[in-house]
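These notes are about the structure you will find just below.
None of the figures in this text is laboratory data; all of them are computed from the coordinates on show. Values in this document were obtained by computation on a predicted structure and should not be read as measured data. Neighbour counts are summed over all protein chains in view; Cβ atoms, including those assigned to glycine, are modelled from backbone coordinates with ideal geometry.
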Amino acid sequence: MAELVQQRAPAPATGVSAKEFRGVLSKLATSVTVITTGGEAGLAGVTCSAVCAVSDDPAMVLVCVHGKSVTNIAIKTNGVLCVNCLQAEQRDLSQAFAGFGNIPMQERFALADWGTLITGAPHCKGALVSLDCEVAEVRDLGTHSIFIAKVLATAESEGGEPLLYQRRTYATTRAL
C-alpha cells in the first residue's frame, strides 16, 4: 500500500474547488472512450473518460457527459448510446471527438470505420471494446448528466492496447 504523501486540509462545507478536484483526479488513469449516439436527434459523439460498470446482471454502465455537450442532448433524445473504448493508436480520433480542431460532427465520424450493433448508435469497428446500450436512467447533477445504460450488445477487437488518459496526457498499459 502506498504511503500517503500529502494530506490536504479538511474541505470547507462547500467542498473542494473545481481546480483542485480536476488536479487530483488527473492522477488517476482512465480509459479513453468515444460515446456515440444515433437516432431521431442524429449522429453525435464525444470523448469521455467518466465511464464505469454498474452491474453485471443485468449488464449496465454509467456514463457522465457534460451538460453543455451537443452529444448530451442527442443521447437524451435518442435514448441510446455506444461506449467505444479506444485503442492506443486511436489518439487522433479521441482528439477529434474532444473538439480539438473544431471538426464538424459528420467529419469526425469519417475518421474511422463505423457500424451499428442493435440500438443504431455507431460503434467504432477499430475500438478495443464497444458496448451498445439503451439508456435506462438519466440524472442531471452539477455540470454533467449521469446516464445509466443497459448493455444490449458488445463488440471487441483482437489484441490491441487500451488508450488511457493520466496526468493530462495519453498513455497505455504495459505488463509489470
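General remarks:
- Sites Asn102 and Ala59, calculated FRET efficiency, Cβ-Cβ separation with R0 35 Å, nearest 0.05: 0.45
- Fully extended contour minus Cα-Cα distance, from Lys27 to Glu137, at 0.36 nm per residue: 36.7 nm
- Fewest-first sequence of Asp56, Asp132, Asp140 by Cβ atoms within 10 Å of each Cβ: Asp56, Asp140, Asp132
- Sequence-distant residues sharing a close amide H with Gly67 (under 5 Å, placed H): His144, Ser145
- Restricting attention to the chain, the count of lysine pairs at 8 or more positions apart or across chains with alpha carbons under 28 Å apart stands at 9.
- Furthest towards positive pole of dipole, Val51, Gly159, Gly115, structure part the chain, Cβ charges: Val51
- Only Lys, Arg (+1) and Asp, Glu (-1) charged, at Cβ; segment 37-176 dipole about Cα centre in debye: 540
- Under Karplus coefficients 6.51, -1.76 and 1.60, residue-wise ³J(HN,Hα) of segment 61-77 in Hz, glycine/proline x: 10, 10, 10, 10, 10, 4, x, 8, 6, 4, 5, 4, 4, 5, 4, 4, 6
- Residue exposure sequence - Val138, Val46, Val61 - by fewest surrounding Cβ within 10 Å: Val138, Val61, Val46
- Exposed-site-free run, longest, the chain (rule: GluC sites (Glu not before Pro); DSSP loop; at most 16 other C-beta within 10 Å): 41-157
- Using the Karplus relation 6.51 cos²θ - 1.76 cosθ + 1.60 with θ = phi - 60°, the per-residue 3J(HN,Hα) values for segment 27-33 come to 6, 7, 7, 10, 6, 8, 10 Hz, with x marking Gly and Pro.
- Likely footprinting exposure, Phe100, Phe147, fewest C-beta neighbours within 10 Å first: Phe100, Phe147
- For Ala171, residues with placed amide H under 5 Å, excluding near neighbours: Leu164, Tyr165, Gln166
- Calculated P(r) tail over 29 Å for the chain, as whole % of Cα pairs: 22
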